[in-house]
Amino acid sequence: MPGPNFVLDKGYQPTGAVIQFRAVTASTTNKEQCLQTATLGGRVLGICQDEVSATQATNGRVANIRVMGISRCVAGSALAIDVPVGVDASGRMVALAATTANQLQVGITRTAAAAIGDYVDVQLTPAVSVSVP
């Protein structure tokens, strides 16, 4: 059955609530901590595989962050297959802009999404800077 396949998940401690299958960014103060990505086009550490509440984060919950492989993600727009994607300000996947140089690519879609909030499988290529033709 098709679906996500992990190569490498690493445990990080979220500093706040994180929605499952959203992108996370490394903390600037502690590299063993992460937070849900809140910057359009920002640098991504990986995709959180767990749902983490604010209370769980405060109590030291460790979340599995997919840093390599194929991950299920939440779409921030309709997406076709084989589209280079980046992240929106809510940690969802969006297509990279065709006219913008040096964008931070999170990955390439391996399944399609019809609408915002749908799940899409993404082959992760974190922190790769690309220009979409």
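Quick notes on this structure:
- Ranked by solvent-accessible area (1.4 Å probe, protein heavy atoms only, all chains present), the residues 67, 85 order from largest to smallest as 67, 85.
- Per residue, in Å², the accessible surface of segment 1-118 once ligands and nucleic acids are set aside, probe 1.4 Å: 50
- Counted charge near residue 110, where neighbours are those whose Cβ lies closer than 9 Å (Asp, Glu -1; Lys, Arg +1): -2
- Measuring nothing but protein heavy atoms, the accessible surface of the chain at 1.4 Å probe radius is 57 percent carbon and sulfur.
- 12 Å beta-carbon shell around residue 26, net charge (K/R +1, D/E -1): +2
- Charge sum, other residues only, whose C-beta stays under 13 Å from residue 44's C-beta, Lys/Arg counted +1 and Asp/Glu -1: +3
- In sequence order, calculated HN-Hα J values of segment 10-22 (Karplus, 6.51, -1.76, 1.60; Hz; x Gly/Pro): 10, x, 10, 9, x, 8, x, 4, 9, 7, 4, 6, 10
- Size descriptor, Kirkwood hydrodynamic radius, that averages inverse alpha-carbon separations across segment 52-133, Å: 13.3
- Spin-label pair residue 5/residue 61, simplified geometry with 7 Å Cα→Cβ offset, distance in nm: 3.0
- For segment 62-79, 3J(HN,Hα) per residue [Karplus equation, 6.51 cos²θ - 1.76 cosθ + 1.60, θ = phi - 60°, Hz, x = Gly/Pro]: 9, 10, 7, 10, 6, 10, 8, x, 10, 10, 6, 9, 8, 7, x, 6, 5, 9
- For segment 117-123, Karplus couplings with θ = phi - 60° (6.51, -1.76, 1.60), whole Hz, Gly/Pro x: x, 5, 8, 9, 8, 10, 7
- Test item: Cα-centred dipole of segment 36-99, Lys/Arg +1 and Asp/Glu -1 on Cβ, debye: 100
- Projected onto their three principal axes, the Cα atoms of segment 17-63 cover extents of 29, 23, 14 Å, largest first.
- Here the dipole of the chain is about 180 debye; that uses its Cα centre as origin and unit charges on the Cβ of Lys and Arg (positive) and Asp and Glu (negative).
The values are calculated or read from the model by the stated rules, or taken from the named source; none is laboratory data. As the structure is a prediction and not an experimental result, all values here were calculated from the model. Cβ atoms come from the backbone with ideal geometry, glycine included; neighbour counts cover every protein chain shown. Just so you know, the surface numbers come from the protein's heavy atoms only, side chains and all, with ligands and any DNA or RNA stripped out. Shrake-Rupley method; radii C 1.70, N 1.55, O 1.52, S 1.80 Å.
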